[in-house]
Amino acid sequence: MLEYFLFEKKDAIAKITFNRPEKRNPLNDRVIFELERLIGEVRDDHAIRVLIVTGTGKAFSAGADLSAAAAIQDPADRAREARENASRFPRLIGRVFEAITHLDAITIGAINGYAIGGGWSLALAFDFCLVAAGAEFWVPEVDMGVPYRGAPAQLMAARMGPWRAREAIIECRHYRAEELLSIGVINRVVAQENLAGEAQALAERLAKKSVAAIQGSKRDINAFFFGNRLF
């Protein structure tokens, strides 16, 4: 029984959907563990050749779930909880990034709405990134006094280059989908109502290609950027 996601599979295509729209699809320990388990199922099912990941509601993912820290009344205790989350979260989400990046299956992120912090880094972990028009991306951690570090920061630097990554992480600058397309960070911007269909059509085209050719190409590209391991 899934608590945080929907999962479906048809023929060679699987789809994972964030399904907590009322919470803006946040990332916390339990969400990450469930996503990691689903990625493992895709990895072990050799019939799956393409994986689509998307979200429900207005957000793809609002990133790290800070509700527990926000509920703490004492400022010192609240700051301590935030620091502990900042230390633990990159290690947990890093395992998911590692698993996604090294899947034999092609991965497509269908980014249906805004992606914040770790949600943005997650969007960059996919082989292809299709984004709904008008979607926004930003990393708020530094403005909150929390370093954005570990796997999420490293993945952003690898995908965006060090200058853009510093701008995004340290300046906490907001980007719209159209700007990210213009600087080559994402593959395509499509109308919101066409996003699911575009992702499905791309998945169907990719599923017809040579498995060996795709896997060999992915491994060489990943080796150039990440070596044998991502983080």
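The values are calculated or read from the model by the stated rules, or taken from the named source; none is laboratory data. Every value quoted in this text rests on a predicted model; they were computed, and no experiment measured them. Note that we place each Cβ from the backbone using ideal geometry, even for glycine, and neighbour counts take in every protein chain shown.
Quick notes on this structure:
Residue by residue, here is whether (1) without any contact (Cβ under 8 Å) to a residue 60 or more places away in the chain; (2) among the basic types (K, R); (3) more than 21 Å from H102 (Cβ to Cβ); (4) touching an Asp or Glu at 6+ places or on another chain (Cβ under 6 Å) holds:
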position: A135; (1), (2), (3), (4): no, no, yes, no
position: A153; (1), (2), (3), (4): no, no, no, no
position: E167; (1), (2), (3), (4): yes, no, yes, no
position: C172; (1), (2), (3), (4): yes, no, yes, yes
position: A196; (1), (2), (3), (4): no, no, yes, no
position: A212; (1), (2), (3), (4): yes, no, no, no
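- Selection of first residues in the range 6-33 that are charged (D, E, K, R) and of second residues that are surrounded by 17 or more Cβ atoms within 10 Å (Cβ to Cβ), restricted to Cβ pairs under 6 Å at least 6 apart or on distinct chains, gives the following pairs, ordered by first then second residue: E8/K15; K15/I52; R20/Y4; R24/A59; R24/A62.
The rows are residues; the columns are (1) on the phi > 0 side of the Ramachandran plot; (2) crowded, with 19+ Cβ neighbours inside 10 Å; (3) at pLDDT below 65.
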position: L66; (1), (2), (3): no, yes, yes
position: A69; (1), (2), (3): no, yes, yes
position: I72; (1), (2), (3): no, no, yes
position: D77; (1), (2), (3): no, no, yes
position: A82; (1), (2), (3): no, yes, yes
position: R91; (1), (2), (3): no, no, no
position: V96; (1), (2), (3): no, yes, no
position: I100; (1), (2), (3): no, yes, no
position: A105; (1), (2), (3): no, yes, no
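- Condition broken by K209, with the remaining ones in (1) at pLDDT 95 or above; (2) within 18 Å of the chain's Cα centre (by Cα) satisfied: (2)
- Qualifying position, being closer than 17 Å to A59 by Cα and either assigned to a helix (DSSP H, G or I) or over 12 Å from the mean Cα position of the chain (by Cα) (or both), among L103, L181, L122, L155: L122
- A153 touching a Ser or Thr at 6+ places or on another chain (Cβ under 6 Å) and of a type in the set (A, V, I, L, M, F, W, C): no
- Any chance I169 is outside any helix (DSSP H, G or I), of a type in the set (A, V, I, L, M) and surrounded by 21 or more Cβ atoms within 10 Å (Cβ to Cβ): no
- Tally of residues being of a type outside the set (S, T, Y), touching a residue at least 12 places away in the same chain (Cβ under 8 Å) and either buried (at least 18 other Cβ atoms within 10 Å of the Cβ) or under 21 Å from T107 (Cβ atoms) (or both) across the range 174-191: 9
- Of all the listed residues (V189, V142), the sole one being among the β-branched types (V, I, T), touching a Phe, Trp or Tyr at 6+ places or on another chain (Cβ under 8 Å) and farther than 27 Å from A223 by Cα is V142.
- Looking only at residues in the range 29-57 that are part of a loop (DSSP other than H, G, I, E, B) and in contact with a helix residue (DSSP H, G or I) (Cβ under 8 Å, 6 or more places away or on another chain), the one that is farthest from A212 (Cα to Cα) is G57.
- Among the candidates A86, A47, residue that is more than 17 Å from the chain's Cα centre (by Cα), at pLDDT 95 or above and over 17 Å from I111 (Cβ atoms): A47
- Qualifying residue in the range 18-25 (condition: in contact with a Leu (Cβ under 6 Å, 6 or more places away or on another chain), within 19 Å of A123 (Cβ to Cβ), of a type in the set (A, V, I, L, M, F, W, C) and not in a helix (DSSP H, G or I)): no
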